[in-house]
1. Which residue pairs have Cβ atoms closer than 6 Å, lie 6 or more positions apart in sequence or on different chains, and pair a first residue in segment 108-132 that is within 14 Å of ASP284 (Cβ to Cβ) with a second residue that is of a type in the set (Lys, Arg)?
2. Take segment 57-77 and flag every residue that is part of a strand (DSSP E or B) and in contact (Cβ under 8 Å) with a residue 24 or more places away in the chain.
3. Let me confirm something: among LEU189, LEU263, LEU212, LEU226, which residue is over 29 Å from PHE65 (Cα atoms), in contact (Cβ under 8 Å) with a residue 24 or more places away in the chain and out of contact with any helix residue (DSSP H, G or I) (no Cβ under 6 Å at 6 or more places or on another chain)?
4. Taking segment 242-287 as the search range and keeping residues that are surrounded by 17 or more Cβ atoms within 10 Å (Cβ to Cβ) and of a type in the set (Val, Ile, Thr), which one is modelled with the lowest pLDDT?
5. Taking the conditions exactly as written (surrounded by fewer than 21 Cβ atoms within 10 Å (Cβ to Cβ), of a type outside the set (Val, Ile, Thr) and at pLDDT below 85), does SER28 satisfy them or not?
6. Restricting attention to segment 111-129, and to residues there that are surrounded by 12 or more Cβ atoms within 10 Å (Cβ to Cβ) and aliphatic (A, V, I, L, M), which single residue is nearest to VAL88 (Cα to Cα)?
7. Would you call GLN75 more than 24 Å from PHE274 (Cβ to Cβ) and at pLDDT 90 or above?
8. I need the strands (runs of 3 or more DSSP E) fully contained in segment 220-282, keeping only those with at least 1 residues that are farther than 21 Å from MET192 by Cα.
Amino acid sequence: MAIAPAISHRCQFRRFLPVGVWIVFLASVGFSAQSASVSSFQDPADLVRKAVNNEIRAAAENAHFLFRGVKTTPQGSTTRIYVEAKDVTAGLVVAYNGQPLTAAQHQGEEARVARFKNPDEMKKKREQEHENTERTLRIIRAIPDAFLFEYAGEETATGSVGRPGARLVKLKFRPNPHYQPPSHVEEVLTGMQGFVLLDADHYRIASIDSTLYKEVSFGWGILGHLDRGGHFMIQQQEVGNNVWEISSMSLRFTGKILLVKTLNINSTEVFSGFRRVPSDMTFDQGIELLKQEAADAGNPAGLAH
C-alpha cells in the first residue's frame, strides 16, 4: 500500500483507527513544495512534489493484499491478519500478547463479524471508509502549500524502510507560516515539524517522522486539541515489483476531543507478510480466506472489525 492512501484507498490504518487518530495521522503526512535549500542534485521542493504525485498515482492502482499486523500498546499486543477486499477491509484477530485466542475470545470475534451480515452495518462500514479516503485526499491536496522543506542529508535504505540499497534523501520540514487551512481537517498541519525520507530515484516516501511542536486546536477549538509533544512515525517499504506497502506506524498523542473526552494514543503497529490477492474479492470471500489462513496456521479465530 502506498502512503498516499493514508494517504488513501489502501492505507491499512485508516480502516482501523478512530476518527481522532486518523486526523492526527493525516496531518502527519503533510509535505510541501516550498523551496528551501537545494541538495547536490535536486531542489527538495521539486523532489517532494514528484514523490507526492507518485504516491497519489500509486494509491489509484488496484493492488490488494493479505498481510499480518502486530499492534502494541501499554496494555499489550494484538496480532491480526488482514485482507483488502473489493470495497472494504476485513481483519482477523489471531493472538493477544502472543497467545492464541481462548474459546470465549473466539466467540466474541465471531459475534463481531456476524454483524456485517446486516446490510445496514456493512453500508455504515463502507461509508466510513469512504469518508476516511475523502479526508485523506483533502490532506494530499494541501501538501503543496502546507510546509517548507530543506535538505538534511542522505541515507541508504535498509530493512523495512524503503527499497533495500536505494538512496534516500532526508528532508527537514516545518509549517509554512503563510498557509491558511481551509477546514479543521487541515488545521493540525500547522503544528507539525520533522523529517521525511524519500527514494530519490523512484520518487517514493520511505519514512515520515513528525512531532507536534505546539498545541494545535482543530475545529476552531470546538472539536478539540492535540497537546504539544505528540509524535508520529510511519515507514514504508517496497514489497516487490515496485509495489510499496506500509511496514510500521507509531502514534503517541494526547489531547481532548469535543473539549471533554480525553485523547490518549500510544501504539505501534508493524505490518509484514504481504501477499497479493484478487482485487475483485468480496468481503465474504475475504472472511473465508482469513479463516482458512488462521486454520492453516493452527489458530482458528473469528473476525475483528
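1. GLU121/ARG115
2. HIS64, PHE65, LEU66, PHE67, ARG68, GLY69, VAL70, LYS71, THR72, THR73, listed by residue number.
3. Step by step, each of LEU189, LEU263, LEU212, LEU226 is checked, and only LEU226 is over 29 Å from PHE65 (Cα atoms), in contact (Cβ under 8 Å) with a residue 24 or more places away in the chain and out of contact with any helix residue (DSSP H, G or I) (no Cβ under 6 Å at 6 or more places or on another chain).
4. Here the residue is ILE257.
5. no
6. Across segment 111-129, the extreme among qualifying residues is MET122.
7. yes
8. Output list reads 231-240, 243-257, 261-277.
The values are calculated or read from the model by the stated rules, or taken from the named source; none is laboratory data. Predicted model, so just to flag it, every value in this text is computed and none were measured. Neighbour counts are summed over all protein chains in view; Cβ atoms, including those assigned to glycine, are modelled from backbone coordinates with ideal geometry.
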